[in-house]
Amino acid sequence: MKTILITGAGSGLGSELAKHWANEGHHIIAVGRTKKKLESICRHIEQENKMCTIFQCDISNPEEVSCLVKKMVDNRLEIDLLVNNAGIGTFGPLESLMISDIHDVIDTNVKGTIFTTQAFLPMLKEKKGRIMNIISTAGLKGKNHETVYVASKYAVRGFTESLWKELEGTGVSATAVYMGGMNTPFWSESDHIADSTRLKSASDKAKQIIEEDMGQKEIFIDS
Ligand SMILES: NC(=O)c1ccc[n+]([C@@H]2O[C@H](COP(=O)([O-])OP(=O)(O)OC[C@H]3O[C@@H](n4cnc5c(N)ncnc54)[C@H](OP(=O)(O)O)[C@@H]3O)[C@@H](O)[C@H]2O)c1
């Protein structure tokens, strides 16, 4: 049994990864900003007699991330796998994007991933653990009306590839996951995608990621 911390575990891909890994017998640490969403996922997992623990944390706030690590240590919880999944988007022509949304996307997708990884590295080094960064095909090629989102995902790709070098010899490895669109609440505030219900389900994508994951550096799902 491994202990797997998933950021953004309250909905979409994060919640599906949580359910599938929990079914395999792993202990899930579900992290996100909204307690109700995390509680609902954990209830589902616990009904199957599997283990789930929740921690509320805004990953874009480094103090909250430090506090999360402290609470984990206080509860004698150590992780084997950190899944940096939490992410948001802002879409449309660049001139139309709100400055506050640009900050939010970079703060969550880029800085949130960096703060969380930095804070958990000492624990991961001790456990010879792993990092999995959920990127997107937006980390592989430019896309129309996705400038800031694509920039954020290229940043996470660069961060991950640099971790490969920096973590050589430490026993910690990092995996970048690239996949296409999914039907999740990610699209609920946006009309960038005409009909998100036509996208693949997050459950299928989660299953595919888990099946393909052999600890390699990159996982490509339908990209
Ligand atoms: N949907 C797609 O088509 C698609 C395609 C490729 C890649 N992706 C990537 O897949 C990942 C998961 O997205 P999804 O589609 O599953 O969307 P989602 O359902 O909206 O899930 C994102 C989760 O992240 C959490 N979150 C957002 N900001 C946070 C913060 N500052 N701190 C902690 N948690 C935060 C949200 O919960 P709270 O608001 O409660 O915190 C939410 O549960 C993202 O990185 C996204 O970029 C999505």
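The values are calculated or read from the model by the stated rules, or taken from the named source; none is laboratory data. Bear in mind that the values here come from a model prediction, so they are computed numbers and not experimental data. Cβ sites come from the backbone with ideal geometry, for glycine too, and all protein chains shown count toward neighbours. All accessible areas refer to the heavy atoms of the entire protein, side chains included, with ligands and DNA or RNA removed. Shrake-Rupley method; radii C 1.70, N 1.55, O 1.52, S 1.80 Å.
So the values come out like this:
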{"read-out": "First in the stretch 132-154 and assigned to a loop (DSSP other than H, G, I, E, B), second anywhere and open to solvent by 10 Å² or more (accessible area, probe 1.4 Å) and modelled with pLDDT under 95, Cβ under 7 Å, 6 or more apart", "value": "140/223"}
{"read-out": "Residue within the stretch 130-148 that is away from the ligand (no atom under 13 Å from the Cβ), within 15 Å of the chain's Cα centre (by Cα) and not acidic (Asp, Glu) present", "value": "yes"}
{"read-out": "Scan of the stretch 1-41 for residues that are of a type in the set (Lys, Arg) and either buried (at least 24 other Cβ atoms within 10 Å of the Cβ) or touching a Leu at 6+ places or on another chain (Cβ under 8 Å) (or both), ordered by number", "value": "2"}
{"read-out": "Search result, residues across the stretch 182-212 that are under 15 Å from the mean Cα position of the chain (by Cα), near the ligand (Cβ under 7 Å from one of its atoms) and surrounded by 17 or more Cβ atoms within 10 Å (Cβ to Cβ)", "value": "182, 184, 186, 202"}
{"read-out": "Residue in the stretch 26-49 that is farthest from the chain's Cα centre (by Cα), counting only those that are assigned to a helix (DSSP H, G or I) and of a type in the set (S, T, N, Q)", "value": "47"}
{"read-out": "Subset of the stretch 195-223 [more than 16 Å from residue 16 (Cβ to Cβ) and aliphatic (A, V, I, L, M)]", "value": "214"}
{"read-out": "Among (1) within 29 Å of residue 138 (Cα to Cα); (2) touching an Asp or Glu at 6+ places or on another chain (Cβ under 9 Å); (3) not acidic (Asp, Glu), the one test that residue 2 misses", "value": "(1)"}
{"read-out": "Whichever residue in the stretch 11-50 is of a type in the set (A, V, I, L, M, F, W, C) and touching a residue at least 40 places away in the same chain (Cβ under 8 Å) and, among such residues, is farthest from residue 114 (Cα to Cα)", "value": "21"}
{"read-out": "When residues of the stretch 42-81 are limited to those that are among the aliphatic types (A, V, I, L, M) and within 13 Å of the ligand (Cβ to nearest atom), the one surrounded by the fewest Cβ atoms within 10 Å (Cβ to Cβ)", "value": "54"}
{"read-out": "Test for residue 193: is it farther than 15 Å from residue 109 by Cβ, out of contact with any Ser or Thr (no Cβ under 7 Å at 6 or more places or on another chain) and among the β-branched types (Val, Ile, Thr)", "value": "yes"}
{"read-out": "Leading residue by the ranking (surrounded by the most Cβ atoms within 10 Å (Cβ to Cβ)) among those in the stretch 83-129 that are under 24 Å from residue 21 (Cα atoms) and aliphatic (A, V, I, L, M)", "value": "83"}
{"read-out": "Criterion violated by residue 162 - all others in (1) open to solvent by 10 Å² or more (accessible area, probe 1.4 Å); (2) polar (S, T, N, Q); (3) not in a helix (DSSP H, G or I) satisfied", "value": "(3)"}
{"read-out": "Residue pairs meeting the criteria (Cβ under 7 Å; at least 6 apart or on separate chains; first in contact (Cβ under 8 Å) with a residue 12 or more places away in the chain, in the stretch 176-196; second acidic (Asp, Glu) and not in a strand (DSSP E or B))", "value": "179/222; 180/222"}
{"read-out": "Which numbered condition residue 157 misses (of (1) surrounded by fewer than 17 Cβ atoms within 10 Å (Cβ to Cβ); (2) in a helix (DSSP H, G or I))", "value": "(1)"}
